[in-house]
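The values are calculated or read from the model by the stated rules, or taken from the named source; none is laboratory data. In this text the structure is predicted, and so the values were computed from the model without any measurement. Neighbour counts run over all protein chains shown; Cβ positions are idealised from the backbone, glycine included.
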Amino acid sequence: MKDITIRQGIPTDAEGYIAHMIAIASEPDVYVSYTPLEANMPVEKEATTIRKHLERGNFFLVAETEGRVIAQLRCVIDSSYVITHHTAVLGMSVDRTYRNQSVGAKMMEQAIKWAEDKNIVRLELEVYSENVAAIHLYEKFGFEIEGRKRMYAYQRGRYYDSYMMSRLLV
């Protein structure tokens, strides 16, 4: 197995991050709610987004091997309202070649540590109901299904449901 480094993402990772997201969205059994075209954004725009996330105290990890981003994880504090600052939204993806090699688990460990250090009370995410491997990973880390969004996404000629999951850190 190639050496994989997991580290904090920085604005200069934007190009690799975009390439990763396009690859994920292009997978035949994709479970993301965007298309490859939507993932293909200007590098400077994504670099600015990463910079702003870091300035606001959010969490951004990349996993890379041989200079290529093969996974990412973001936790964004819900600063929409004062009453939701205790909540962070988690999103992650791992290149299909590197799944089932503990990359996702190692990233989840770091995300939960970050959330605890930030006094986040609620860590939440959304996952396609058919993404059994991801659901299993999340459950392994104490996430529970709270609800189902029926007909959440329309892709490849059919509708997909998603689950809302969370882990309470109190």
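When you scan segment 127-138, do you find a residue that is surrounded by fewer than 15 Cβ atoms within 10 Å (Cβ to Cβ) and more than 20 Å from SER26 (Cβ to Cβ), even just one? Yes. Farther than 19 Å from HIS20 by Cα and touching a Phe, Trp or Tyr at 6+ places or on another chain (Cβ under 9 Å): is that true of ILE145 in this structure? The answer is yes for ILE145.
So in segment 113-137, with the set limited to residues that are closer than 22 Å to GLN8 by Cβ and free of Cβ contacts under 8 Å to residues at least 24 places away in the same chain, which one is nearest to the chain's Cα centre (by Cα)?
Within segment 113-137, the match that is nearest to the chain's Cα centre (by Cα) is LYS113.
Taken residue by residue, segment 47-55 has at least one member that is crowded, with 18+ Cβ neighbours inside 10 Å, over 23 Å from MET108 (Cβ atoms), among the small types (Gly, Ala, Ser) and more than 16 Å from the chain's Cα centre (by Cα). Filter segment 10-38 down to residues that are closer than 12 Å to THR49 by Cα, more than 14 Å from the chain's Cα centre (by Cα) and of a type outside the set (Val, Ile, Thr) and give me whichever is surrounded by the fewest Cβ atoms within 10 Å (Cβ to Cβ). The extreme case among them is PRO11. For segment 107-123, taking the residues that are buried (at least 16 other Cβ atoms within 10 Å of the Cβ) and of a type in the set (Lys, Arg), the one that is nearest to TYR138 (Cα to Cα) is identified as ARG122. Checking each residue of segment 95-111 against the condition of being closer than 28 Å to GLY57 by Cβ and touching a Gly at 6+ places or on another chain (Cβ under 8 Å) gives no match.
Just checking, does segment 29-49 include any residue being among the small types (Gly, Ala, Ser) and modelled with pLDDT of 95 or more? If you could, list the steps in order and put the result at the bottom.
Within segment 29-49, the first condition is being among the small types (Gly, Ala, Ser), and the residues that meet it are 33, 39, 47.
Narrowing further to those that are modelled with pLDDT of 95 or more: 47.
Looking for residues that are among the small types (Gly, Ala, Ser) and modelled with pLDDT of 95 or more, one finds at least one in segment 29-49, hence yes.
Selection of first residues in segment 91-102 that are in contact (Cβ under 8 Å) with a residue 12 or more places away in the chain and of second residues that are of a type in the set (Gly, Ala, Ser) and assigned to a helix (DSSP H, G or I), restricted to Cβ pairs under 6 Å at least 6 apart or on distinct chains, gives the following pairs, ordered by first then second residue: VAL94/GLY104.
Checking each residue in segment 17-72 for being closer than 27 Å to SER129 by Cβ, in contact (Cβ under 8 Å) with a residue 40 or more places away in the chain and part of a loop (DSSP other than H, G, I, E, B) picks out GLU27, VAL30, TYR31, VAL32, SER33.
Selection within segment 70-106: residues that are among the hydroxyl-bearing types (Ser, Thr, Tyr) and surrounded by 16 or more Cβ atoms within 10 Å (Cβ to Cβ). The member of this set that is farthest from LYS118 (Cα to Cα) is TYR98.
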